[in-house]
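Here's the structure, in structure tokens; my notes come after.
What follows draws every value from the coordinates through simple rules; no lab data is involved. Predicted model, so just to flag it, every value in this text is computed and none were measured. Glycine gets a Cβ as well: all are built from the backbone with ideal geometry, and neighbour counts include every protein chain shown.
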Amino acid sequence: MALSDDHKVKSQDGFAHSEIERKRRAVFGPLGLLFMFEFINLHQLFEDGELFTFEGLRILFALSILVFLVVIFSKNLKKPAR
């Protein structure tokens, strides 16, 4: 009997989670923290009126890369396992 990717796995927090949920947390947790950190920095630069300085453009570029990574990882997680 073959197990699918959706079989339930008991994780460290004591609850049963599917394998896809565990992968999604492992990928999107750190990316979400980075996104929040960069967004807070961007908001601070916006309030100071320094959005289009080198630092502001660097943060905009970093946010665009993070969004790109989220799109790529979300597409890879939706692919069926072979």
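Annotations
- Here the stretch 19-78 is assigned +1 on the Cβ of each Lys and Arg and -1 on the Cβ of each Asp and Glu. Its dipole about the Cα centre then comes out at about 600 debye.
- Cα gyration tensor shape of the stretch 19-78, rounded if a/c is under 1.5, else prolate or oblate by comparing a/b with b/c: prolate
- Most positive-pole-ward Cα, Phe39, Val70, Gly56, against dipole of the stretch 19-78 from beta carbon charges: Val70
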